[in-house]
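The values are calculated or read from the model by the stated rules, or taken from the named source; none is laboratory data. Since we're looking at a predicted model, the values are computed, not measured. Cβ placement follows ideal geometry from the backbone for every residue including glycine, while neighbour counts extend to all protein chains displayed. Ligands, DNA and RNA are stripped out before the accessible areas are found, and what is left, the full protein with its side chains, is counted by its heavy atoms. Shrake-Rupley method; radii C 1.70, N 1.55, O 1.52, S 1.80 Å.
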Amino acid sequence: MSRPLKDLLRTSDLSKADIELLLDTASKFAKKPLRAKKALAKKTVAIYMTKSSTRTRLASETAVAHLGGSPIFLRADDLQIGRGETISDTAKIISGFCSALIVRTFAQSDVDELGKHASIPVINALTDDDHPTQLLADWLTINERFGKDLKGRKFSYIGDGNNVASAWLIMGATMGEHVVVATPGGKWAPKASVVNQALEIAKRSGAQIEVTSDAKAAATGASAIYTDVWMSMGDSESDRAEKISALTPFAVTQELMKLTAKDSIFMHCLPAHRGEEVSAEVIDGEKSVVWRQAFHRRTTIQALLYHLTKGDLMGNK
Ligand code: CP
Ligand code: NVA
């Protein structure tokens, strides 16, 4: 008999059925936030972050509180890990006190190692490679706007081939939809390993995966245009000038939005830099759903904590 999913370390850990269950529960939490107010009663959830966060931290702490639990927020400086204690020892200690661990850091391998050594669920709240909890909120926003039947629609990410672009490819592939990622080629393109993984998943799910350097082609007829910051946390400042110059033709402007479908939406995980990856008139305009995406961060993390701690998710294994 297959075992339930213990951790959410990567977007690719989730099956389509898991995602549908999570989004369904998140919608219920949106209508009635305290629906499962005793699920984490008398329990604590550690939230360990070595990078900045506004939304994910607020969403995680409020999600734990809405489930009746207490969040414990930890920065690298707060833990002995900053003084050389191993990840495996840290994972064992946190497991002794808490019922789940939400972690945001640089290396994906650190999150994988925490998952391996912790006996409690570990949730990736952003690494250099992935941002699975963001994509849950994003897909809920897409379903809310267009329904669950997305046939004939195209969903395009335009910008840096970063952690969010990778998660976009894997999420779209898992859900069996038509997703496009348009980035400059070379250094700022999505990792080949992620594109190959998305193509593998697509063989089973029927998804259509396109990776291009043509922003206009990506925008033409799209139901959603998604972008993200050009300089991510951890990106090297020495690359800034070269990167901004390469990405300038990928800025989401009103001109680009004119190529999209009539009922299209503009998406951004935030934080945004108006005048860089998106113009103010687009992000603050009528097609923008960025506040709805941000709102769904809590309900989706709440659903994830609820189902992961109950062992309801089966994953892909
Ligand atoms: N979208 C997102 O993850 O935002 P924060 O970095 O503010 O958590
Ligand atoms: N790509 C961005 C996402 C922030 C939510 C970063 O990693 O900084």
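Annotations
- Odd one out for ILE47, checked against (1) within 16 Å of ligand 1 (Cβ to nearest atom); (2) of a type in the set (A, V, I, L, M, F, W, C); (3) open to solvent by 60 Å² or more (accessible area, probe 1.4 Å): (3)
- Residue in segment 151-159 that is β-branched (Val, Ile, Thr), touching a residue at least 24 places away in the same chain (Cβ under 8 Å) and either surrounded by fewer than 24 Cβ atoms within 10 Å (Cβ to Cβ) or within 16 Å of ligand 1 (Cβ to nearest atom) (or both) present: no
- Subset of segment 65-85 (residues that are surrounded by 17 or more Cβ atoms within 10 Å (Cβ to Cβ) and more than 15 Å from ligand 1 (Cβ to nearest atom)): ALA65, HIS66, LEU67, GLY69, ILE72, LEU74, ILE81
- Residues of segment 131-166 that turn out to be under 22 Å from ASP18 (Cα atoms), within 11 Å of ligand 2 (Cβ to nearest atom) and not in a helix (DSSP H, G or I), as a count: 1
- A single entry from ASP228, ASP214 fulfils the requirement of being touching a strand residue (DSSP E or B) at 6+ places or on another chain (Cβ under 8 Å), open to solvent by less than 10 Å² (accessible area, probe 1.4 Å) and either among the charged types (D, E, K, R) or on the phi > 0 side of the Ramachandran plot (or both): ASP228.
For every residue, the table says whether it meets (1) among the polar types (S, T, N, Q); (2) at pLDDT 95 or above; (3) within 16 Å of ligand 1 (Cβ to nearest atom).
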{"site": "TRP188", "(1), (2), (3)": "no, yes, no"}
{"site": "SER193", "(1), (2), (3)": "yes, yes, no"}
{"site": "GLY206", "(1), (2), (3)": "no, yes, no"}
{"site": "ILE209", "(1), (2), (3)": "no, yes, no"}
{"site": "TRP230", "(1), (2), (3)": "no, yes, yes"}
{"site": "GLY234", "(1), (2), (3)": "no, yes, yes"}
{"site": "PRO249", "(1), (2), (3)": "no, yes, no"}
{"site": "HIS268", "(1), (2), (3)": "no, yes, yes"}
{"site": "GLU277", "(1), (2), (3)": "no, yes, yes"}
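- Flag for LEU8 being out of contact with any Asp or Glu (no Cβ under 6 Å at 6 or more places or on another chain), within 16 Å of ligand 1 (Cβ to nearest atom) and not charged (D, E, K, R): yes
- Whenever a residue of segment 186-212 is within 30 Å of GLU242 (Cβ to Cβ), its partners that are of a type in the set (S, T, N, Q) and surrounded by 19 or more Cβ atoms within 10 Å (Cβ to Cβ), lying with C-beta atoms within less than 6 angstrom and at least six residues away or across chains, give the pairs ALA189/THR183; PRO190/SER166; VAL194/SER166.
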